Amino acid sequence: MNQINRNIELILASLGFILVICYYLIFGVDGKIFLGLLGTIATLFFGSIKYRIENDKLFKELFQEFNSRYDLRFNDLINELKYDNGRKLTKDERNLIIDYLNLCSEEYLWRSRNRIPKKVWNSWKAGIKENLCIKQVEEIYKKEISSINGRISFYGLDEELKK
C-alpha cells in the first residue's frame, strides 16, 4: 500500500495516458485535442511532483528548525529537571519552559496543517507527554492552559495531548 501511495501520481498519469491514447485510437479525435489532453496530463503529473518536492522541502526545514531550537535552548534544562523534581526554577528558567511549550504548540500547528508527517508527530507527542511528567513543566503547563485564552494560544495542543 505504501508503494502505491508513493507512486500515485505516476499510476494516475499512466492511466490517463492510456485512456487518452485508447480514446484517440478508437474514436479518432482531432490530433490537436489528443495532444492537448496528453499535455494536460503531463502538466498535472509534473505539477503534483513539484508540489510533493516542495512539501518535502518545507517539512525538512521545519524538522531541522524545531529540533535545533529544542536542542539548543531546552534540552539541557529539561534533562536536568528530570532528575531534580524539587528544583526551584528561576524566572529565566520558567520563561524557558514557557518557550518550550510554545515550541510544542508550533509543532502541533504544523502537524494540524499536514506539514509534519504522522509518524514524526507521534514521536514528538510522546516526548512532549514525557516532559509533561516533569513536575515543574507540568505546573507551568497547567497554569498556561488554565484559562480559555491560554488554551487557545496553544492551537489545540491541550486537546491533542489528551488523546
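The values are calculated or read from the model by the stated rules, or taken from the named source; none is laboratory data. From a predicted model like this one, the values you see are computed outputs, not experimental measurements. With ideal geometry, Cβ positions are generated from the backbone for all residues, glycine too; neighbour counts draw on all protein chains shown.
Filter the range 112-123 down to the residues that are under 16 Å from residue 155 (Cα atoms) and touching a residue at least 24 places away in the same chain (Cβ under 8 Å), then identify the one that is surrounded by the fewest Cβ atoms within 10 Å (Cβ to Cβ). That would be 112. In the range 6-27, the residues that are under 14 Å from residue 52 (Cβ atoms) and surrounded by 12 or more Cβ atoms within 10 Å (Cβ to Cβ) reach residues that are at pLDDT 90 or above and β-branched (Val, Ile, Thr) with C-beta atoms within less than 9 angstrom, at least six apart or across chains, in these pairs: 9/49; 10/49; 12/41; 13/41. Annotation: residue 114 fulfils all but one of (1) among the polar types (S, T, N, Q); (2) closer than 30 Å to residue 151 by Cα; (3) out of contact with any helix residue (DSSP H, G or I) (no Cβ under 8 Å at 6 or more places or on another chain); (4) assigned to a helix (DSSP H, G or I); the unmet one is (4).
Would it be correct to say that residue 91 is without any contact (Cβ under 8 Å) to a residue 60 or more places away in the chain and out of contact with any helix residue (DSSP H, G or I) (no Cβ under 9 Å at 6 or more places or on another chain)?
Details: without any contact (Cβ under 8 Å) to a residue 60 or more places away in the chain: yes; out of contact with any helix residue (DSSP H, G or I) (no Cβ under 9 Å at 6 or more places or on another chain): yes.
So residue 91 fits the description; yes.
Of the listed requirements (1) part of a helix (DSSP H, G or I); (2) modelled with pLDDT of 95 or more, residue 51 misses just one: (2).
Restricting 155, 141, 108, 100 to those that are assigned to a loop (DSSP other than H, G, I, E, B), of a type outside the set (Gly, Ala, Ser), surrounded by 15 or more Cβ atoms within 10 Å (Cβ to Cβ) and touching a residue at least 12 places away in the same chain (Cβ under 8 Å) reduces the list to 155. Does at least one position in the range 2-22 carry a residue that is basic (Lys, Arg) and at pLDDT 90 or above? Looking for residues that are basic (Lys, Arg) and at pLDDT 90 or above, one finds none in the range 2-22, hence no.
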